[in-house]
Amino acid sequence: MALHRLSYNIKRVVAECFDFSAGIYRQLRRVKPSEVFVYHHLLKVPDLSGSVKLLSTSVRAYGGFGEVREGVWEQGPLKFKVAVKTIRVRENVGNKAARMLRKEVAIMKNLQHPNIVPFWGVAELEGGGGYGMVSEWIEGWTLHTFIRTHHTDSSVLSIRRRFEILGDVASGLEYLHAHFVVHGDLSATNVLINECGRVFICDFGLSRDTSQSVESAIITMLSILSGAVLNPSWNAPELVLDPNPFPTMSSDIYSFGALMFETLSGQQPYGQMTFYKIAQQMEDHKYPGRPSSEFLDDDAWGYIIHCFDHNPANRPRASEI
């Protein structure tokens, strides 16, 4: 009887999350942040509770509504360093943050690629720390930091190495799109390089699944509706200018162009322009100015502009990068 009641409650919660009759999802309003992973078994996510411990309470990185801390995952005599992402609860956004993190888990659990940060499961943390999503800890740098540090050092960042990095990002992005996943927030700060030089795409807090299955309908949830802020230097005009932005594979390609812009020039598109000025440039169909760089030849610049095309339909596909 108790199991039947639990099953009924689970179905009721899922039913309350979405309005399938209207063909759209509605935002969750009844799930508390502390309950974000209570139904993780519905998504078939490994439960690592009891074997994951935080090494420090210090926050090492922020992502959307999440905070990332160092942890350790104990597997018998073996110990693995992990990244534990938990909800950063703020006034009036706790439930929104919970929904975003649960959606990120639902997407990450299906991704396996050499250039995607490996996701291992979820865990309830000791001391009332709530639940967190557990991923491999990448010891190294963000691509943004790596470029800022080594841009002028051709022995570290040669033209060949820059295109190897871009090729790895393109490979990861092609994999995502082939599996109907839109990243939604691709930038040099969401690309990691480990100490061996391997490249990983990370931070899927703004991602969404574009497939048409019932499960994807449950996990698809635009985090923009939850209050996430777009970075106009990296986002496509249709996201910056539209009051109801909706990330797509084409907007991911625009972001890849921005990443290519920074990787080859060491600068961000539109430089230090304010949000308003960038939006004005986009509204006038003006592209970012071409920076001066020995690594940015005419062919590379032409390809960046192709990715920046103001008509999303004209941009290349990830499989064509």
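Results, tabulated for the structure shown:
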item: Criterion (surrounded by 12 or more Cβ atoms within 10 Å (Cβ to Cβ) and closer than 12 Å to residue 166 by Cβ) met by exactly one of 308, 275, 295; result: 295
item: Residues being charged (D, E, K, R) and surrounded by fewer than 18 Cβ atoms within 10 Å (Cβ to Cβ) - total across the stretch 174-204; result: 3
item: Selection from the stretch 289-302 of residues that are under 17 Å from residue 254 (Cβ atoms) and touching a helix residue (DSSP H, G or I) at 6+ places or on another chain (Cβ under 7 Å); result: 290, 300
item: Of all residues making up the stretch 113-149, the number that are of a type outside the set (Ser, Thr, Tyr), in a helix (DSSP H, G or I) and surrounded by fewer than 17 Cβ atoms within 10 Å (Cβ to Cβ); result: 4
item: Extreme residue, farthest from residue 300 (Cα to Cα), among residues of the stretch 164-190 that are within 14 Å of the chain's Cα centre (by Cα), part of a helix (DSSP H, G or I) and among the small types (Gly, Ala, Ser); result: 172
item: Every pair of residues 6+ apart whose Cβ atoms lie under 9 Å, when the first sits in the stretch 165-189 and is in contact (Cβ under 8 Å) with a residue 24 or more places away in the chain and not assigned by TED's automatic domain parsing to the domain that holds residue 258 while the second is crowded, with 22+ Cβ neighbours inside 10 Å and of a type outside the set (Ser, Thr, Tyr); result: none
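The values are calculated or read from the model by the stated rules, or taken from the named source; none is laboratory data. It should be emphasised that the depicted structure is a prediction, and the values quoted were computed from it without experimental measurement. Using ideal geometry, Cβ is built from the backbone for each residue, glycine included, and neighbour counts are taken over all protein chains shown.
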